[in-house]
Amino acid sequence: MTGSPVTRPSPELPAEHRFALVVATTRYADESLRELRAPAHDADELSAVLADPQVGAFTVKRVIDRSAQEVRLALEEFLTGRDPEDLLLVYLSCHGLVDVRRRLYFAATDTRKSRMAATGVESQWLLDLLEDCRARRLVVILDCCFSGAFAPGIKGEADLGLGERFHGQGRGRVVLTASRASEYSFEGEPLPGSVLPGSVFTSALVDGIRSGAADGDNDGYISVDDAYTYAFDQVRTLGSRQTPQRWLYGAEGKILLARSPAGIAVVPVDLPEALRSGLDSPHPAIRLGAVAALGEWLTGDDPARALTARQTLEQVADSDIHQVAAAATALLAAGTVDGPLPDAPAPDAPTPDVPTPDVPASDTPVPDVPAPDDLPAEVEAAAETAAHDTAPHDAAAHDLPSVEPPSAGGAVAPASPAGVPDADVRPADTAGAGRPPDHPGTGRPSRSLMPRGRRARALLAGVLALVVGAVVVVVLTSRSGSPPPTAAQSTQQSQAASQSQTTPQADPAAKVAADPALAALVPAGLKASGKLAVASDASYAPNEFKDAQGNIVGMDADLAVAIARKLGLTAEVQNVGFTEIVPGITTNAYQLGLSSFTDTKEREQTVDMVTYFSAGTGMAVKSGNPDKIDPNDLCGKKVAVQNGTTQADSIKDVINPACVKAGKPAIPNDGDKFDQQTDVTAAVVSGQDQVMLADSPVVAYEVKETGGGLQKIGATTDTAPYGIVVAKGSPLTKAVQGAVQSLMADGTYQAILAKWGVEDGAIGTSVINGAPS
């Protein structure tokens, strides 16, 4: 009896100062720099969507077709004198030029390729400006050729040395580039009679923001991550030969670019079988009990359940007999009609009463119902079960984002950064609310329904539904001669119905308690904060990845939570690019790196590694192995790997030297490197690359998840331990090693691995710096 999805307006953006500088250069005096169509179009489109008060709400300044001196002056004026709480966005669209020393310059109207240092805008100069800026949140978007050279971690660009400088002082800074350090950025091709298009990358960004399609987590906001992910997917879908890149420097939480014009889609959930059966019952009294349970959904915290309740109650009010329809109508009037989340009532607001429709008359007298405090134990237990079945559940169980109650202005706050819904906090009962007065003339409790359901009322509604149902059964069985069920039998039936409902999988980490001896090893400053910042690249399923709600999940995420709890801390797992995790640990941006790091002697020179798992290298090809890849001979083949992994190192240091020594062609470019494992998988499935190398549990998972798109070939090789990354010489290292060993001893470690299907990688002992010799 559920209906159609509805759309709610997106919440308003936070009250803050938002400024954007849009720099675009179309025309160039140097004849060797061709005129560009896209920048002027891009500047117009992006400025419009950013300045729209209902979308971006930025104060936008445009600098179009200016000299290098004018561009430098505009950038310096924009970034100087800002407040720490300002949100700043800098966008540049122009020719990107790289000199013989691999330094990147942004071209202006008077830039000469033969004199780039004197006439261009050097990227290092811009980096210095950004580092000196006081604003804590900075977004830089570069749409130009070779723009990936602006940020660190790019293949072949280690000599730029920009990453350490930018990472050292920056907080909350994000860089998006249209291409890698060695790639061109492309303009879209115009169609006959059409308006000249913008660049592929910027057009995708603008489209995602303007349409709201970039709001991938359906929270009503478009974050920088949302916009990048949408643009990346669109660029790949169009087949453009460029790879958008993203880097984060100490970013905390979400940086919101815009408010989604598309709003928030709320999708109704399916009714549980018990409720559906109750609504379909031929007995009005049982249908009344189901209607009362829907009243709990209507005023609960779960927007999807509230929508289902409203739409179902509207159907009941339109189609059922008078008594049941009247109850549904009264619930709709007392709850919320225009949206799934009602405002909380004022403390002194009167509580609307919903009259209890009379149970249809019968020849059998209706017994009085005892008040809740006087109920027999068996009925109390059954009522508890019924109340549990009708209580609001976690939104995540229905694949919906966690949504907070609205503020006084009606805006809905976004889900928390960690993606974990807050506890269900309800107002305390007012005097007498737990035991309503008897309804005059019936001897039955009245069902007063208040906005925001309370446990006492849920218990009472469950008791009433059970007793009314029992009364009907008594009436029916007295005429058929069959004995009514006992209270104990009713309890068992209710419990069975409760157990038939689907519940989320248990979280092994949730039961972990702090170990005082291990907690004593935690540094004082960290202990005082109570939080453990854990960096993880959430693109490596099943070890670490994002679920449908955008939460970071997987084996490593669960282990991070369990380790933190052992140490008396709360884990804050953050999504960080793989190549940025170790630098982040060494600069104290994060305390732990838990992201499937293979423990190697080279890594142990920089950080400490606490072993916790064993994995090898696996290999996968497109299903059917169309290129007849021999797992023992990858020479000359197109091999996809994730940047910074041991597989990438193995191609460069082991496989390719062996190919050259054997007189065979090497793997091109030491492998096709991607920043995320999901892109590695996509490259092989699409046919862009012929084979991928990754950790064995990841290969097994990707083969399963692609549904026949990939197949594993060859045996698992180079088995080695995973290590948790900790700052070199930190006292936290011993505490983490002790926590892992304790989790192994109490069975939590094994339960977490079993949950994610990676039990084969379990080890028996955790050591510090256990890389094979």
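The values are calculated or read from the model by the stated rules, or taken from the named source; none is laboratory data. If you're wondering where the values come from, they're calculated on a predicted model, not measured in any experiment. Counting neighbours? That spans all protein chains shown, and the Cβs are built from the backbone with ideal geometry, glycine included. Just so you know, the surface numbers come from the protein's heavy atoms only, side chains and all, with ligands and any DNA or RNA stripped out. Shrake-Rupley method; radii C 1.70, N 1.55, O 1.52, S 1.80 Å.
Restricting attention to the stretch 646-665, the residues being under 29 Å from Asp537 (Cα atoms) and not charged (D, E, K, R) number 8.
I'd like the residue in the stretch 5-25 that is among the small types (Gly, Ala, Ser) and outside any loop (DSSP other than H, G, I, E, B) and, out of all such residues, is nearest to Ser123 (Cα to Cα). Only one residue tops the list, namely Ala24.
Scan the stretch 95-117 for residues that are of a type outside the set (S, T, N, Q), in contact with a helix residue (DSSP H, G or I) (Cβ under 9 Å, 6 or more places away or on another chain) and either more than 16 Å from Glu31 (Cα to Cα) or open to solvent by less than 10 Å² (accessible area, probe 1.4 Å) (or both) and jot them down. Matches in the stretch 95-117: Gly96, Val98, Asp99, Arg101, Arg102, Arg103, Leu104, Tyr105, Phe106, Ala107, Ala108. Residue check, Val90 against (1) open to solvent by 40 Å² or more (accessible area, probe 1.4 Å); (2) β-branched (Val, Ile, Thr); (3) modelled with pLDDT of 90 or more, all met but one. Which one? In the conditions (1) open to solvent by 40 Å² or more (accessible area, probe 1.4 Å); (2) β-branched (Val, Ile, Thr); (3) modelled with pLDDT of 90 or more, Val90 misses (1) alone. Just so you know, in the stretch 541-556 the residues that are open to solvent by 10 Å² or more (accessible area, probe 1.4 Å) and outside any loop (DSSP other than H, G, I, E, B) include one that is nearest to Asp226 (Cα to Cα), and it is Lys546. Among the residues of the stretch 694-727, the ones that are more than 18 Å from Thr617 (Cα to Cα) and assigned to a helix (DSSP H, G or I) come to 1 in all.
Checked against (1) more than 22 Å from Gly770 (Cβ to Cβ); (2) surrounded by 16 or more Cβ atoms within 10 Å (Cβ to Cβ), Ser623 passes all but condition (2). The combined condition, being over 20 Å from Ile629 (Cα atoms) and either in contact with an Asp or Glu (Cβ under 7 Å, 6 or more places away or on another chain) or modelled with pLDDT under 95 (or both), is not fulfilled by Thr706.
Only one of these is modelled with pLDDT under 95 and touching a helix residue (DSSP H, G or I) at 6+ places or on another chain (Cβ under 8 Å): Ala470, Ala562, Ala528, Ala524. Name it. Step through it out loud before you land on a result.
Details: Ala562 fails: modelled with pLDDT under 95; Ala528 fails: touching a helix residue (DSSP H, G or I) at 6+ places or on another chain (Cβ under 8 Å); Ala524 fails: touching a helix residue (DSSP H, G or I) at 6+ places or on another chain (Cβ under 8 Å).
Exactly one of Ala470, Ala562, Ala528, Ala524 is modelled with pLDDT under 95 and touching a helix residue (DSSP H, G or I) at 6+ places or on another chain (Cβ under 8 Å), namely Ala470.
Of the residues making up the stretch 752-773, those that are farther than 13 Å from Val610 by Cα and surrounded by 18 or more Cβ atoms within 10 Å (Cβ to Cβ) are Ile752, Leu753, Lys755, Trp756, Val758, Gly761. For the stretch 728-751, residues that are surrounded by fewer than 17 Cβ atoms within 10 Å (Cβ to Cβ) and either in contact with a His (Cβ under 9 Å, 6 or more places away or on another chain) or assigned to a loop (DSSP other than H, G, I, E, B) (or both) total 4. Of all residues in the stretch 26-43, those being touching a residue at least 40 places away in the same chain (Cβ under 8 Å) and outside any loop (DSSP other than H, G, I, E, B) number 5.
Listed conditions (1) of a type in the set (Asp, Glu); (2) in contact with a Lys or Arg (Cβ under 9 Å, 6 or more places away or on another chain); (3) modelled with pLDDT under 95 are all met by Asp608, apart from (3). Restricting to the stretch 638-665, what's the tally of residues that are under 30 Å from Leu238 (Cα atoms) and open to solvent by 20 Å² or more (accessible area, probe 1.4 Å)? Final tally of qualifying residues: 3. Are any residues in the stretch 255-289 in contact with a Lys or Arg (Cβ under 7 Å, 6 or more places away or on another chain) and more than 30 Å from Gly56 (Cβ to Cβ), and if so, which ones? Residues satisfying the conditions are Val269, Gly278, Leu279, Ser281. When each of Ala520, Ala562 is tested for being farther than 17 Å from Phe597 by Cα and open to solvent by 50 Å² or more (accessible area, probe 1.4 Å), the lone residue that passes is Ala520. When the residues of the stretch 44-85 are narrowed to those that are in a helix (DSSP H, G or I) and within 26 Å of Ala262 (Cα to Cα), which ends up most open to solvent (accessible area, probe 1.4 Å)? The qualifying residue most open to solvent (accessible area, probe 1.4 Å) is Asp44. Taking the stretch 601-693 and the strands (runs of 3 or more DSSP E) fully enclosed by it, the elements with 1 or more residues that are in contact with a helix residue (DSSP H, G or I) (Cβ under 7 Å, 6 or more places away or on another chain), among the aromatic types (Phe, Trp, Tyr) and more than 26 Å from Glu759 (Cβ to Cβ) are at 672-674. Here the stretch 566-600 is the region considered, the condition is being assigned to a strand (DSSP E or B) and hydroxyl-bearing (Ser, Thr, Tyr), and the residue that is farthest from Asp675 (Cα to Cα) is Thr570.
Which is modelled with pLDDT under 95, open to solvent by 40 Å² or more (accessible area, probe 1.4 Å), under 27 Å from Ala589 (Cα atoms) and among the β-branched types (Val, Ile, Thr), of Thr678, Thr716?
Values: Thr716 fails: under 27 Å from Ala589 (Cα atoms).
Criteria check complete, one pass: Thr678.
For Val121, the conditions (1) under 18 Å from Ala20 (Cα atoms); (2) in contact with a strand residue (DSSP E or B) (Cβ under 6 Å, 6 or more places away or on another chain); (3) among the aliphatic types (A, V, I, L, M) all hold with the exception of (1).
When Pro5, Pro14, Pro39 are checked against the criterion of being surrounded by fewer than 17 Cβ atoms within 10 Å (Cβ to Cβ) and over 30 Å from Leu294 (Cβ atoms), a single residue qualifies: Pro14. Scanning the stretch 264-299 for residues that are touching a residue at least 24 places away in the same chain (Cβ under 8 Å), outside any helix (DSSP H, G or I) and out of contact with any Leu (no Cβ under 9 Å at 6 or more places or on another chain) yields a count of 4. Please count how many residues of the stretch 666-675 are within 20 Å of Leu710 (Cβ to Cβ) and open to solvent by 70 Å² or more (accessible area, probe 1.4 Å). Going through the stretch 666-675 one residue at a time, the tally reaches 0.
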